[in-house]
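To start, the structure under review is shown below, and the notes come after it.
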Amino acid sequence: MSKKYFENVIGQDDAKEKLGFWLQAYEKTGIFPNTLLVASKGQGKTHMAEVIGKALQKRKDKPFYPIDAVSVNSVGQLFDDILLKVYDEDATLFFDECHEFKPKVMTQFLTILSNNKNKKNRVTYEGIEVLIDFSKLTFMFATTEPQRLIDPFKDRLEQVNLEDYDTGELAKIVRLHLDKEIKVAPTTMKTLSEAIRQNARGAFKVSERVEEYCTIHNKKNFAAKDWASVAKTLHLKPLGLSGNEVKYLSKLNDHGEMRLGVMASRLALTSHAVSKDIEPYLIRMGLIRMDANSHRVITPEGKTYLKALK
Ligand SMILES: Nc1ncnc2c1ncn2[C@@H]1O[C@H](COP(=O)(O)OP(=O)(O)O)[C@@H](O)[C@H]1O
Ligand SMILES: [Mg+2]
C-alpha cells in the first residue's frame, strides 16, 4: 500500500512500512511526525528524506530544505537564518548529521519539538514568540551516530533505522540508476554487486562507472570482462574497500592483534577517525573482530581477502 511513495527506494521494507503509514495519515491530517533517520554513511538517509519531502509536497506546496547540522553555529543562527524565515510557511526542514549540533542548539530543539495536543508549540526567542505549527513545518533529522544525541532529543522524534542491503538489492540499485539502454547480464550484475562497497552509495557509484565505461567504449552491453577492466583501471578493491581500510587490514595481518591506539598511530590517524571511519565496515564485512580485551584481530576472512589481493 505504501508502494506508490517508494518506487525509487530499493529494499528498506521496515522503514517504508513505517514511513508509508505516516504518509497515509498525512494525506488526511496534513501532519507528518518529526522523524530521525539512523544509518551508516551511504545507506540512503538523504535519499529517503528527499523521497519523503517529495511525498509531502504532493498535498500542498511545501519545499524541502536540507541543512547541514554542522553549519548551525548557534541558537541565534537557528532562529535568524532558519526558523524565522519559514515558521509561517509550509516547509520540510531536513537536518543532516544532527549529532553535530552544538549542545545549546540540540537543547533548544527540545522546546521546538516538544509536542502538545494542538500540534503547535510556542517558542520564545529574544522576546519574540515564534509559533511552531506542525501542520506547516515538518522536521526531519539524520545521523550516523545516534549515541551522540541526548535522550530527550531522540524521545521527541520517531526513529527510523535503515538496514543493510543484500546483494540482490544492491544489483537493483545499480539497475535503477543505470541508463536504461545499457544491458547487463544477470551473472555480470551478480559479480558487480558482490564486488562493490556494500551500501547504496557503493551501488550508485558503480552505476556511474558502468555508464562512463560504456560511453568511452561506445557500448550498450556491459559484460564481466568490462567490469574487470573498470576495476583494474580504477584500482577498485573487492568489496569496495578504501586505501586506508586495506592498509589497516595489512597492518593487522603483519602485527597480529592490536589495540586501537596503536593502530591509530601506525596509520597516523586519531583513534576516533579509525573507529568511526575505518573499522565499522571491516567489522560488518567480517574481515576483523574485537576480542574480549577490545584488541583488534584479523579474521580468517580478512586473511583470505589480503591473499586474494596479491
Ligand atoms: N534505497 C535506495 N534505493 C535506491 N537508491 C538509493 C537508495 N538509498 C540510497 N540510494 C542512492 O545511493 C546514494 C547514496 O545515498 P545517500 O542517501 O546519499 O546516503 P546517506 O545520506 O545515508 O549517506 C544516492 O545516490 C542515492 O540516490
Ligand atoms: Mg546523506
³J(HN,Hα), Karplus 6.51/-1.76/1.60, whole Hz, each residue of region 275-281, x for Gly, Pro: 6, 8, 9, 10, 6, x, 6
Under 5 Å, built H, 5+ apart or other chain: amide partners of residue 130: 123, 124, 125
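Using only DSSP helix segments of four residues or longer, with each worth -39500 (n - 2.57), what per-residue ellipticity at 222 nm results for the chain after dividing by its residue count and rounding to 500?
-12500 deg cm²/dmol
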Region 158-191: trypsin sites (Lys or Arg not before Pro) in DSSP loop, at most 10 other beta carbons within 10 Å: 180
Amide H partners (placed H, <5 Å) of residue 161, local residues excluded: 38
Net +/- balance of residues flanking residue 31 in space, Cβ distance below 13 Å, scoring K and R +1, D and E -1: +4
Percent of beta bridges antiparallel (DSSP, the chain, rounded to nearest 5): 35
Dipole magnitude of the chain, debye to nearest 20 (Cβ charges: Lys/Arg +1, Asp/Glu -1, about Cα centre): 820
Ranked 201, 296, criterion: other C-beta atoms within 10 Å, fewest first: 201, 296
Note, ³J(HN,Hα) from phi for region 34-50, Karplus 6.51, -1.76, 1.60, rounded to Hz, x at Gly and Pro: 6, 10, 10, 8, 10, 5, 6, 4, x, 8, x, 5, 5, 4, 5, 4, 5
Long-range amide H partners of residue 10 with built H, under 5 Å: none
Sequence of 156, 197, 59 once ranked by neighbouring C-beta atoms within 10 Å, starting from the fewest: 59, 156, 197
Dipole of the chain, positive end: most advanced residue of 290, 269, 252 [Cβ charges, Cα centre]: 252
Prolate/oblate/rounded label for the chain (Cα gyration tensor, a/c 1.5): oblate
In sequence order, calculated HN-Hα J values of region 240-247 (Karplus, 6.51, -1.76, 1.60; Hz; x Gly/Pro): x, 5, 7, x, 5, 5, 5, 4
Charge dipole of the chain about the Cα centre (unit charges at C-beta), most positive-ward option of 170, 98, 5: 170
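Values in this text are rule-based calculations from the coordinates and carry no lab data. The shown structure was predicted, so the numbers you read here are calculated from the model rather than taken from an experiment. Note: ideal-geometry Cβ built from the backbone for every residue, glycine included; neighbour counts use all protein chains shown.
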